[in-house]
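The values are calculated or read from the model by the stated rules, or taken from the named source; none is laboratory data. Owing to the predicted nature of the structure, the values given are computational and were not obtained by experimental measurement. With ideal geometry, Cβ positions are generated from the backbone for all residues, glycine too; neighbour counts draw on all protein chains shown.
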Amino acid sequence: GMPQELAVQVPVIKEVLDAMNIKRLEYEGYEADDILGSVSLRAQKCGIEVVIITGDRDSLQLASDSTRIKIPVTKSGKTSTEEYNVNAIIEKYGITPSQLIDAKGLMGDTSDNIPGVPGIGEKTAFELVKKFGSLENLYENIEQVEKNSVREKLISGKEMAFMSKKLATIERNMPEFYEVEELKRREFDTQKLGELFKRLEFKSFMEKFDLGGTGRESIQFKSFDIIESAQELRALKGNIMLSGEFAIFYLMDRVEQAPSNHIGKLSGLGITWGEDKTVYIDLVHGNIEERDFITEFREILENKSIRKYTHDAKSLVVYLMNSNIELRGLHFDTMIAAYIINPSTESYDISKLSEEYLSMPLEAVESITGKGKSFTPFRSLPVERVSSAAGMYSEAVFSLWRKINEKIMENDQTGLYYDVELPLVEVLASMQYYGFKVDKDGLKSFSSELDEKITVLINEIYGMAGEEFNINSTRQLGVILFEKLALPIQKKTKTGYSTDAEVLEQLASKHEIVSKILEYRQLVKLKSTYVEGLLNVINPETGKIHSNFNQTVTATGRISSTEPNLQNIPVKLEMGRKIRKVFIPSSDEFILQDADYSQIELRVLAHITGDENMSEAFEKNEDIHTNTASKVFGIPRDEVTSLMRSRAKAVNFGIVYGIGEFSLSKDLGITRKEAKKYIDEYLSKYPKIKQYMQDIVEQGRQYGFVATILNRRRYLPELQSGNFNIRSFGERVAMNTPIQGSAADIIKIAMVKVFRYLKEKNMKSRLILQVHDELIVETHISEKEQVEIILRESMENAVSLTVPLKAEVKTGNNWYETK
C-alpha cells in the first residue's frame, strides 16, 4: 500500500486541486498509469498535443508523434526534467516506445512486481527485442537465438514472458468517464485558494500566484499617537500609573562596536495600557532621546506593583541594567510563554504568535528592517512605519498575555512558568551583563602552545606518510591512507574516499598515523573555534565575554549560549580542558566556585522510574557505575575492574538516551552480540527502568507529548510516522526528554534560588555561568564559605526527589582549577 506519510496528504492534495479548478481523475479498479494512457490516447484522437509529467519510466511506452513524456530527475539537490519523444527513446534504448513493453516482458521489473523471464537481464532483453522486433516474433523464430543458455531460459519462461508483457502494458481503452471539454484549464477562485493556502501555510505559493495573503494588503496598518516631547512623556507616565499595567514592545538596534555585550540602542517603544490606549515613544526623530525615557520612566519600571508585559524581556532587562535600573513587576513574557507551550517551534516571532492566538496576521519584525544586504536599522526607517509596527506589536502583547496564560493554566504549567522560567529572565540577563573575564595574554600563550603541538603533529604525520601533503584536503589524505598506506577502505564519496571522523575512528587501531590525524583535527578546531573565536568576542571595555544566554532554543528545556557558546568546550581532550584556564575572576578580590551536580540524570531516572536497584546506590551514597557493573556482571563490588566500571557507565548513560546495541558496540569497541547481552542484562537487573521505557513511549503515542517533573512538554509527532527511522528517533526522544528535561528544570530552580539569595543578602558574589549540570559563581574572597553553603543547599534542595540530589563545590583561581 501507500506509505502513511503520503496517504495522509492525499485528501489535502485533492482539496488544493479542486480549489485551483484543475480536473482530477480517478476510476475504481484502474491505476493512475491506465488513466494517463487512456486520456493521452483520447486526446491524440482529438488532435490535442499531450505532455505527460511523471516519475514513472513505464510511461515511456505512451510516447508518440503527439505525446511527449517529461521525467523529473533530481541531482545533488537540483531538479530538472528529461524530455522524451519517440526519437529520444529510440536514441537512448535502440527500440521504439511500444517495444519497451516487449523488453519489460523479458527482463521484468521488481518495483512493479513483474517477474519477466528468470535469468534474462536488461542488456539481453534489449538485444533480443532489437533483433526480433517483438515477443511474438521472437518465440516464432526461437531457433534463431544463438546462445543455448538464453534459448533454454526463454523456452522454459515462455508463459512468464507473455504474462509479464501483459502486466507491463498500460491499458489505453478505459471506459470514457469524463468529457474532454472538462479537462480545459480554468481560472481559479483567488479568494478560496488564498484562504486554503493560508491555512496550509503555503507561503511561496501565495506569492507565486499573487494571492495577497502574505503581502502587505492583508496586514492592516494603524497609526498611533507619537510621543516626542518631555511633556507628552510625563502625561503618559501618569496614565500608566493610573492603569497599573502596560505592555511594552521595544525596538532595539544592535550597536556595531565589535564584540557586543548585547546592549543595543533603543530607538522607540510601543506602549499599550488598555483597550485602544496605545502610543509610540519616538526616541529618534523628536525632542526626546534614550536618557529622557530612562529618567522619566525609572519610577514606573522599578515599581513592582505596576505590571509589565513584554516580548523577549531579557534584552530589555540587560539594557536597563546598563542604566542602573532594575525592572520589577515583569508579569509576562509572551516569547517564553509560547516556548513553554511548545518548545519545538522554530521561531517565536510576535507576528506568528499574534496570528496563532489572536488570528491577527502582523508583519514579521524581520521584514520591517529587512535582512542581509537590505538590512536597515529601526532608527533609519520612517517614523510612520516603525510607530505603526511597534504599536500593533504592543497591542498584540497586551491581548496575547491573557490568551497564552489561559493555555498555561490549562496545561498545568503555572509553576514552571511563574516560579522558574519568568524569574530566570533576570538571572540570565545578569549573567550576560556581568560576563566572565578572560585572560587575554593567557589565551595568546595558549594559542602559541597549540601552534607548537600542531607543528609537531604535522611533522609526525609527514614522517609516517613518507611525504608532505595537505592534511586538510580530504582528497590528498584519502590517497595517502587508502592507496599509499593501503588501509582498508571504509566508505567512498563521489569525489574519492571518505575520511570523516567515523571512518578514522574505525581505522585508528590499524595504523598510528590515524590517531595523529584525529588529534591534529581536534587541535585545529580548538584553535579556530575557541582561541580565535574567543579573542573575537572579548569586549574591549570590560575585558570579558558576555555570552548570550538563550532560554527558548532547546527542545528539552536546557539553556543554550552563543557568542561564545560555552556549552560545548571539549572536555575529553586535555588541551580542551586547559582552555578553561583562561577564564578567570574579574579582579584579585574574587575567586571562582564551581558547583556540579553528581549524576543528576541518573538520580532523576531513579526517581521517575522508582527502580529500587538504581535508587539503592544513591541512598547508600555508593558509586552508581560500580554498583551497576556488579549487578550486570554478577560479581561483588570489590571485584569490579576499571574496564567493567567504564562499560557499566556507558550503559548507564546510554540507556537514558535510548541507546541501541549498534551504538553501544561502537562506543565500547565490542561486538553487537556482546552489547546486546549488556543491555538485556541491564534491563533485567533494573526492571522498572525497562517498564518506564515502554510506558513513556506508549504515553507519548497516546497523548502526543511527554512531560518533565515540572510539566514541561515536548510534542512528538515523530511517533506517528510510518518511517521506521523517524519513529525510532521519536521513541528515543520520548525516553530521554523527561530525564534530560527534568534535570534542566532542577538546575533552573537552583539558579533562581542562588541568584535570589545573593541579591537579597546584597552580596558581592555573582552567578556568572551555567553549563550542563554546573553553576559557576564569581565569589568575593570574604564570602567563600557562605557561597559554598548557598550553592550546595540551593542545588541539593531544589526539588525533593525520592533519592537525594548531590552537588560538589570546588574552588579555584580559574575555571580549570575548579574542575
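Each row is one residue, and each column tells you yes or no for (1) out of contact with any helix residue (DSSP H, G or I) (no Cβ under 8 Å at 6 or more places or on another chain); (2) under 26 Å from D56 (Cβ atoms).
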site	(1), (2)
K165	no, yes
E171	no, yes
P175	yes, yes
V180	no, yes
R185	yes, yes
D189	no, no
E195	yes, no
K198	no, no
S204	yes, no
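Say we look at the range 523-565 and pick out the residues that are in a strand (DSSP E or B) and at pLDDT 90 or above; which of these is surrounded by the most Cβ atoms within 10 Å (Cβ to Cβ)?
Only one residue fits best here, namely I545.
Considering only the range 715-766, state which residues are outside any helix (DSSP H, G or I) and either among the aromatic types (F, W, Y) or over 20 Å from I559 (Cβ atoms) (or both).
Y715, L716, S721, G722, N723, K761, N762, M763, K764, S765
Looking at A486 and the list (1) in a loop (DSSP other than H, G, I, E, B); (2) over 27 Å from T552 (Cα atoms); (3) not assigned by TED's automatic domain parsing to the domain that holds H511, which single condition is not satisfied?
(3) is the only condition that A486 fails.
On the basis of being without any contact (Cβ under 8 Å) to a residue 12 or more places away in the chain, among the β-branched types (V, I, T), touching a strand residue (DSSP E or B) at 6+ places or on another chain (Cβ under 6 Å) and in the same structural domain as M107 (by TED's automatic domain parsing), does T79 make the cut?
yes
Can we say I768 is under 19 Å from Y692 (Cβ atoms), hydrophobic (A, V, I, L, M, F, W, C), touching a helix residue (DSSP H, G or I) at 6+ places or on another chain (Cβ under 7 Å) and crowded, with 20+ Cβ neighbours inside 10 Å?
No; evaluated as a whole, the condition is false for this residue.
Conditions first: (1) small (G, A, S); (2) modelled with pLDDT under 95; (3) within 30 Å of N536 (Cα to Cα); (4) crowded, with 19+ Cβ neighbours inside 10 Å. S351 passes all but one, so which condition is the exception?
Evaluating S351 over (1) small (G, A, S); (2) modelled with pLDDT under 95; (3) within 30 Å of N536 (Cα to Cα); (4) crowded, with 19+ Cβ neighbours inside 10 Å leaves (3) as the failure.
Report, by residue number, each residue of the range 492-505 that is in a helix (DSSP H, G or I) and crowded, with 16+ Cβ neighbours inside 10 Å.
Scanning the range 492-505 gives V503, L504.
Of the residues I747, I739, only one is of a type outside the set (G, A, S) and touching a His at 6+ places or on another chain (Cβ under 9 Å); which? Write out each step before concluding.
Working: I739 fails: touching a His at 6+ places or on another chain (Cβ under 9 Å).
After ruling out the rest, the residue left standing is I747.
Tell me, which helices (runs of 4 or more DSSP H) wholly within the range 55-149 include 2 or more residues that are crowded, with 19+ Cβ neighbours inside 10 Å and in contact with a helix residue (DSSP H, G or I) (Cβ under 9 Å, 6 or more places away or on another chain)?
Helices (runs of 4 or more DSSP H) meeting the threshold: 99-107, 122-132, 135-140.
Is it true that E817 is surrounded by fewer than 17 Cβ atoms within 10 Å (Cβ to Cβ) and in contact (Cβ under 8 Å) with a residue 40 or more places away in the chain?
For E817, the condition - surrounded by fewer than 17 Cβ atoms within 10 Å (Cβ to Cβ) and in contact (Cβ under 8 Å) with a residue 40 or more places away in the chain - is met.
All but one of (1) more than 30 Å from R580 (Cβ to Cβ); (2) out of contact with any Gly (no Cβ under 7 Å at 6 or more places or on another chain); (3) aromatic (F, W, Y); (4) buried (at least 17 other Cβ atoms within 10 Å of the Cβ) hold for Y462, so report the exception by its number.
Y462 satisfies every listed condition except (4).
A quick yes/no check of all residues on (1) within 30 Å of L211 (Cα to Cα); (2) without any contact (Cβ under 8 Å) to a residue 24 or more places away in the chain; (3) out of contact with any Lys or Arg (no Cβ under 6 Å at 6 or more places or on another chain):
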{"position": "Q9", "(1), (2), (3)": "yes, yes, yes"}
{"position": "Y27", "(1), (2), (3)": "no, no, yes"}
{"position": "D56", "(1), (2), (3)": "no, yes, yes"}
{"position": "S59", "(1), (2), (3)": "no, no, yes"}
{"position": "I69", "(1), (2), (3)": "no, yes, yes"}
{"position": "V86", "(1), (2), (3)": "no, yes, yes"}
{"position": "G108", "(1), (2), (3)": "no, no, yes"}
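Somewhere in the range 569-589, is a residue touching a residue at least 12 places away in the same chain (Cβ under 8 Å), surrounded by fewer than 16 Cβ atoms within 10 Å (Cβ to Cβ), closer than 30 Å to R714 by Cβ and of a type outside the set (A, V, I, L, M, F, W, C)?
So far as the range 569-589 goes, yes, one or more of its residues are touching a residue at least 12 places away in the same chain (Cβ under 8 Å), surrounded by fewer than 16 Cβ atoms within 10 Å (Cβ to Cβ), closer than 30 Å to R714 by Cβ and of a type outside the set (A, V, I, L, M, F, W, C).
Within 29 Å of K578 (Cα to Cα) and part of a loop (DSSP other than H, G, I, E, B), is that true of N470? Break it down into steps so the answer makes sense when it comes.
Numbers: within 29 Å of K578 (Cα to Cα): yes; part of a loop (DSSP other than H, G, I, E, B): yes.
Criteria met by N470.
If a residue has to be among the hydroxyl-bearing types (S, T, Y) and within 54 Å of the chain's Cα centre (by Cα) to count, how many in the range 153-171 make the cut?
Qualifying residue count for the region: 2.
Just the residues that are surrounded by fewer than 16 Cβ atoms within 10 Å (Cβ to Cβ) and part of a helix (DSSP H, G or I), please, taken from the range 279-296.
Pass one, the range 279-296, residues surrounded by fewer than 16 Cβ atoms within 10 Å (Cβ to Cβ): 285, 287, 289-291, 295.
Selection gives E290, R291, T295.
Within the range 36-54, which residues are among the β-branched types (V, I, T) and surrounded by fewer than 19 Cβ atoms within 10 Å (Cβ to Cβ)?
I48, V50, V51, I53, T54, listed by residue number.
Just need a number here: residues in the range 178-188 that are part of a loop (DSSP other than H, G, I, E, B) and either over 48 Å from the mean Cα position of the chain (by Cα) or under 16 Å from I48 (Cβ atoms) (or both).
Total meeting the criteria: 4.
Against the definition (surrounded by fewer than 14 Cβ atoms within 10 Å (Cβ to Cβ), under 18 Å from V365 (Cα atoms) and at pLDDT below 95), how does K208 come out, yes or no?
Values: surrounded by fewer than 14 Cβ atoms within 10 Å (Cβ to Cβ): yes; under 18 Å from V365 (Cα atoms): no; at pLDDT below 95: yes.
So K208 fails the test.
Looking at the structure I just gave you, is S800 over 20 Å from the mean Cα position of the chain (by Cα) and surrounded by fewer than 22 Cβ atoms within 10 Å (Cβ to Cβ)?
The answer is yes for S800.
Could you say whether any residue in the range 296-315 is modelled with pLDDT under 95, out of contact with any helix residue (DSSP H, G or I) (no Cβ under 7 Å at 6 or more places or on another chain) and not charged (D, E, K, R)?
Yes: one or more hits.
Looking only at residues that are of a type in the set (F, W, Y) and in contact with a helix residue (DSSP H, G or I) (Cβ under 7 Å, 6 or more places away or on another chain) in the range 367-417, which one is surrounded by the fewest Cβ atoms within 10 Å (Cβ to Cβ)?
Per the criteria, the residue is F375.
Any residue in the range 682-701 that is of a type in the set (G, A, S) and modelled with pLDDT under 95 sitting within a Cβ distance under 9 Å of a residue that is part of a helix (DSSP H, G or I) and surrounded by 16 or more Cβ atoms within 10 Å (Cβ to Cβ)? List the pairs, counting only those 6 or more apart or interchain.
S684/K690
Go through the residues of the range 259-278 one by one and say whether even a single one is outside any helix (DSSP H, G or I), within 26 Å of F221 (Cβ to Cβ), among the acidic types (D, E) and over 36 Å from the mean Cα position of the chain (by Cα).
Among the residues of the range 259-278, at least one is outside any helix (DSSP H, G or I), within 26 Å of F221 (Cβ to Cβ), among the acidic types (D, E) and over 36 Å from the mean Cα position of the chain (by Cα), which makes the answer yes.
If you go through the range 719-742 one residue at a time, how many are within 24 Å of E410 (Cβ to Cβ) and crowded, with 18+ Cβ neighbours inside 10 Å?
7
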